[in-house]
Amino acid sequence: MSCARGEHVHTLNVELRSRSYPVLIDAGILGRPGVLDPQLAARDVLIVSNTTVAPLYLPALSATLQSRRLVPVILPDGEAHKTLGNLSRVLDVLVANRFGRDCAVLALGGGVVGDLAGFAAASYQRGVAFLQVPTTLLAQVDSAVGGKTGVNHPGGKNLIGAFHQPAAVMIDTRTLTTLPARELRAGLAEVIKYGLICDAALFAWLEAHLDALLAGDPGALAHVIRRSCEIKAAIVGRDEREQGERALLNLGHTFGHALEAATAYKEWLHGEAVGAGLVMAAAMSQACGYLSAADAARVRQLVERAGLPAHAASVEPQALLEHMRIDKKVKGGRIRLVLLRAIGTAFISDDYPQGALRSTLAAHCGAARR
């Protein structure tokens, strides 16, 4: 991963040899004509967005992509719509408009749009160019970078998908001015995650500046977006397909994905479920004797200060465990979890006391929650 600053645009590079690509970060970049020209050779561009984002930002994006044939697909908003049915809808539009292998698919929206559009790009004619224009904090700090694409299944989150790296990621920090407060809080869960897995200084910075972030301070938000993308780009550059280190980015996600699936993707935003998952991962790390009580308390306190849930009252412990057992990270029938030795130090293990997992779920789920 390398960093550079142009006249206005902060640029990070995800280093993947011949498939390396830039992450462009700036306020107001979305409406600049020609900004994506170096990374977008296609004449035909399918723009995938949703009913919330398209009215706000599709006109500006269209002005950026001058002299191209633009075909929009506007999907319903929400995690419940990240389905094979909507994937088929996107593919149908590509076919109906006779898009060739030299076309591009561009995602304008949050993580749902990005994941689904990316999977369509990976699938259509065995792979076409893909670009990400994320408009939520969660997508800007996490899901838009790294090439994970896919859709949900009733049995589990993101069970159907592919790795397909974008040609570029363009982050306009001004899009966060229209982001609902609940979505902003959800995005902070992924930022907290980065501090926990490898950057104790970032975690401490979040503790000190959380109020500014919650208030939408542009400077504070720009800082966490850049730092999160730096961490994500570096890890993806070293482990693109999650064979080792990249799995650390799943801290809290095995719990969180199970919460989403257990509630049919209708109750929790992804970041909210990850926030609860971070608390569970810290509590379990403490139960196993890895993490100090003081550090586990810091995790819980920061998550709660961010306005994120720490409990799952509507999901019973056994139901959550059953969904965890079909998570993508299960190997040999054992649930692999990312746990903590300290804030800033994470590790992956399937060798932990089963009693610690069950007691953690019992303490944080269902009627027995504290």
- Looking only at the range 210-223, decide whether some residue is over 25 Å from Leu56 (Cα atoms) and free of Cβ contacts under 8 Å to residues at least 24 places away in the same chain. yes
- Query: Which one of Val133, Val113, Val128, Val141 is surrounded by fewer than 24 Cβ atoms within 10 Å (Cβ to Cβ), at pLDDT 95 or above, among the hydrophobic types (A, V, I, L, M, F, W, C) and not assigned by TED's automatic domain parsing to the domain that holds Lys329?
  - Reply: Val128
- Query: Does Val14 meet the test of being outside the structural domain of His270 (by TED's automatic domain parsing), at pLDDT below 95 and surrounded by 13 or more Cβ atoms within 10 Å (Cβ to Cβ)?
  - Reply: no
- Item | All helices (runs of 4 or more DSSP H) inside the range 198-298 with 3 or more residues being touching a Phe, Trp or Tyr at 6+ places or on another chain (Cβ under 7 Å) and under 14 Å from Ala312 (Cβ atoms) | 270-287
- Only one of Leu249, Leu308, Leu221, Leu302 is surrounded by 22 or more Cβ atoms within 10 Å (Cβ to Cβ) and within 20 Å of Leu357 (Cα to Cα); which? Leu249
- Item | Residue match in the range 282-298 (condition: touching a Cys at 6+ places or on another chain (Cβ under 9 Å) and farther than 24 Å from Leu138 by Cβ) | no
- The lone exception for Ala162 - which of (1) over 10 Å from the mean Cα position of the chain (by Cα); (2) of a type in the set (A, V, I, L, M); (3) crowded, with 20+ Cβ neighbours inside 10 Å it fails: (3)
- Across the range 55-72, what is the number of residues that are within 17 Å of Val93 (Cα to Cα) and under 25 Å from the mean Cα position of the chain (by Cα)? 1
- Message: Just to verify a result, which residue in the range 336-370, among those that are buried (at least 19 other Cβ atoms within 10 Å of the Cβ) and β-branched (Val, Ile, Thr), is nearest to the chain's Cα centre (by Cα)?
- Response: Val338
- Message: Checking the structure you have, find out if any residue of the range 281-291 is in contact (Cβ under 8 Å) with a residue 40 or more places away in the chain, surrounded by 22 or more Cβ atoms within 10 Å (Cβ to Cβ) and not aliphatic (A, V, I, L, M).
- Response: yes
- Residues located in the range 21-65, provided they are in contact with a Gly (Cβ under 9 Å, 6 or more places away or on another chain) and among the β-branched types (Val, Ile, Thr): Val48, Thr52, Val53, Thr64
- Checked the range 303-328 for anything β-branched (Val, Ile, Thr) and part of a loop (DSSP other than H, G, I, E, B); matches are Val315, Ile326
- Item | Filtered residue count, the range 126-180, keeping only those that are touching a helix residue (DSSP H, G or I) at 6+ places or on another chain (Cβ under 6 Å) and either assigned to a loop (DSSP other than H, G, I, E, B) or not hydrophobic (A, V, I, L, M, F, W, C) (or both) | 22
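Every residue, every condition in (1) under 23 Å from Lys157 (Cβ atoms); (2) among the charged types (D, E, K, R), yes or no:
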site: Ala319; (1), (2): yes, no
site: Ala342; (1), (2): no, no
site: Asp350; (1), (2): yes, yes
site: Leu357; (1), (2): yes, no
site: Cys365; (1), (2): yes, no
- The residue that is nearest to Phe130 (Cα to Cα), considering only those in the range 54-106 that are among the basic types (Lys, Arg) and part of a loop (DSSP other than H, G, I, E, B), is Arg101
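The values are calculated or read from the model by the stated rules, or taken from the named source; none is laboratory data. No experiment lies behind these values; they were computed from the predicted model shown. For neighbour counting, all protein chains shown are included, and Cβ atoms are generated from backbone atoms with ideal geometry for every residue, glycine included.
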